[in-house]
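Novice: Below you'll find the structure I mean.
The values are calculated or read from the model by the stated rules, or taken from the named source; none is laboratory data. Since we're looking at a predicted model, the values are computed, not measured. Counting neighbours? That spans all protein chains shown, and the Cβs are built from the backbone with ideal geometry, glycine included. SASA here: full protein model, heavy atoms, side chains in, ligands and nucleic acids out. Shrake-Rupley method; radii C 1.70, N 1.55, O 1.52, S 1.80 Å.
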Amino acid sequence: MSGISLQGVSKRYPGGILAVKGVDLDIESGEFVTLVGPSGCGKTTTLRTIAGFETPTDGTVRIDGKDVTDMPPYERDTGMVFQDFALFPHMTIHENIAYGMEASGEYTREEIDARVAEMLDLVELPGVGDRTPDQLSGGQQQRIALARALAPRPKALLLDEPLASLDKQLREQMQVELRRIQQEIGITTVFVTHNQEEALTMSDRLAVMNDGRFEQVGPPEVVYDEPDTRFVADFLGTANIFDGTVTAIENGYATVDCGDVTVRSQSPGALETGSEVSVIVRPERVRFEATSADGGTRTATERSNVFQGDITFKRHLGSSVEFRLETSNGRELVVVRRSGMDEVTLGDSVSVTIDPDDCRIVEE
Ligand code: ATP
């Protein structure tokens, strides 16, 4: 197994669009890395550059330490799966899976048959070898596409939105299945999706792309809890964002004037007074309590940010409940908390507390 390395990779399409702007990425052997970002940010172009379907305008692509920048796709030893499966409709499932090995001319009939059977077991579809693709469901066809990509033992697996055309339930099943198979054989994998939930749940690391660049590369929990930029905070999951100007920094805490409210937040080392910043607070970090009948609050403490608000929206998410609150100065806050905590309902008045240690400041 082997890693993938991109160094200073840029891609300008004929017509002038600079789709990828000098990206660097080192993917370790056996790692599952997801390129995630909004439509048009350059994910597919980056993946196609690794596969060899696009030649970078600048930069170097290495697979297993070898410079493959100018090599055609078939010499790169990668397996690719696309959104539309692209199985050959006139061939049997066996012939589809055998295709890459047959084309290479390097294997005997016995080796190919044994490998096809092994791949069908891996994707848990033994016994479908004689069928044609139209005799399988969408999810089964996608497993066969994966088996076909893996059969020639590629050095890396490249997946371009492979689950996008499946319905939600099947998609979630296939997320687990795909990860199981990837971990079982330990293959280096690059996965492209614009679905942030899929990226957060499946990957060892995510590379969050925006306008041809990587905004942040890291493990899901780091990228979610410690976003480097406002874009990352906003794109991945839900974020309460307070934009403002730093007016004071004291003992590792910053005071940020956001116009209508002042927010205190733990402060990164290099921050300066006068900086334009965004204070990010994830919904799980916001706390609230029903306001007592006399209008007083039970939770306010000296070092916390406290707001008064009303509950305007509530929905159950299974093990947690999402609330939307409108604060007295007209801001909407999103709060998620475990199901079964004190019952509050639409219209209730609450006192909202945000601990400065649960805030993260990013510079504009
Ligand atoms: P999506 O999620 O919609 O697939 P993406 O992040 O994968 O988007 P790319 O397909 O890599 O984005 O496209 C990046 C930019 O390059 C877009 O502005 C797109 O219009 C442009 N682009 C893509 N392919 C070509 C091409 N063959 N010729 C010219 N421009 C292209």
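Novice: Of the residues 118, 124, 161, 172, only one is away from the ligand (no atom under 16 Å from the Cβ) and either of a type in the set (A, V, I, L, M) or under 30 Å from residue 42 (Cβ atoms) (or both); which?
Specialist: After applying the criteria, what remains is 172.
Novice: Look at residue 172 and say whether it is over 26 Å from residue 207 (Cβ atoms), out of contact with any Asp or Glu (no Cβ under 8 Å at 6 or more places or on another chain) and not in a loop (DSSP other than H, G, I, E, B).
Specialist: Answer is no for this residue.
Novice: Can I ask one more? Restrict the check to the range 119-130 and report whether at least one residue is open to solvent by 10 Å² or more (accessible area, probe 1.4 Å) and in a strand (DSSP E or B).
Specialist: no
Novice: Would you confirm whether any residue within the range 190-198 is assigned by TED's automatic domain parsing to the domain that holds residue 44 and either among the small types (Gly, Ala, Ser) or away from the ligand (no atom under 16 Å from the Cβ) (or both)?
Specialist: There is no residue in the range 190-198 that is assigned by TED's automatic domain parsing to the domain that holds residue 44 and either among the small types (Gly, Ala, Ser) or away from the ligand (no atom under 16 Å from the Cβ) (or both).
Novice: In this structure, does residue 66 turn out to be more than 9 Å from the ligand (Cβ to nearest atom) and among the basic types (Lys, Arg)?
Specialist: yes
Novice: Quick one: which residue in 166, 157 is within 20 Å of residue 53 (Cα to Cα), open to solvent by less than 30 Å² (accessible area, probe 1.4 Å) and assigned by TED's automatic domain parsing to the domain that holds residue 73?
Specialist: 157
Novice: Considering each residue of the range 19-59, count those that are more than 12 Å from the ligand (Cβ to nearest atom), in a strand (DSSP E or B) and open to solvent by less than 20 Å² (accessible area, probe 1.4 Å), and give that number.
Specialist: Number satisfying all stated conditions: 5.
Novice: Sticking with this structure for a sec: Does the range 212-222 contain at least one residue that is out of contact with any helix residue (DSSP H, G or I) (no Cβ under 6 Å at 6 or more places or on another chain), loosely packed, with under 14 Cβ neighbours inside 10 Å and without any contact (Cβ under 8 Å) to a residue 60 or more places away in the chain?
Specialist: yes
Novice: Run residue 69 past the list (1) under 23 Å from residue 114 (Cα atoms); (2) open to solvent by less than 50 Å² (accessible area, probe 1.4 Å) and report the number of the one that doesn't hold.
Specialist: Result: residue 69 fails condition (1) only.
Novice: Further question on the same structure: Within the range 250-263, work out how many residues are part of a strand (DSSP E or B) and either open to solvent by less than 60 Å² (accessible area, probe 1.4 Å) or at pLDDT 95 or above (or both).
Specialist: 5
Novice: With respect to residue 242, determine if the residue is in contact with a strand residue (DSSP E or B) (Cβ under 9 Å, 6 or more places away or on another chain), of a type outside the set (A, V, I, L, M) and open to solvent by 20 Å² or more (accessible area, probe 1.4 Å).
Specialist: No; evaluated as a whole, the condition is false for this residue.
Novice: If we keep just the residues of the range 1-18 that are of a type in the set (A, V, I, L, M, F, W, C) and within 15 Å of the ligand (Cβ to nearest atom), which is most open to solvent (accessible area, probe 1.4 Å)?
Specialist: Here the answer is 17.
Novice: Is it the case that some residue within the range 93-106 is in a strand (DSSP E or B) and either within 30 Å of residue 166 (Cα to Cα) or away from the ligand (no atom under 16 Å from the Cβ) (or both)?
Specialist: Looking through the range 93-106, none of the residues is in a strand (DSSP E or B) and either within 30 Å of residue 166 (Cα to Cα) or away from the ligand (no atom under 16 Å from the Cβ) (or both).
Novice: Just checking, which of 209, 202 is away from the ligand (no atom under 14 Å from the Cβ), under 21 Å from residue 38 (Cβ atoms) and touching a strand residue (DSSP E or B) at 6+ places or on another chain (Cβ under 8 Å)?
Specialist: Step by step, each of 209, 202 is checked, and only 202 is away from the ligand (no atom under 14 Å from the Cβ), under 21 Å from residue 38 (Cβ atoms) and touching a strand residue (DSSP E or B) at 6+ places or on another chain (Cβ under 8 Å).
Novice: With the checklist (1) part of a strand (DSSP E or B); (2) among the aliphatic types (A, V, I, L, M); (3) over 10 Å from the mean Cα position of the chain (by Cα) in hand, flag the one item residue 178 doesn't pass.
Specialist: It is condition (1) that residue 178 fails.
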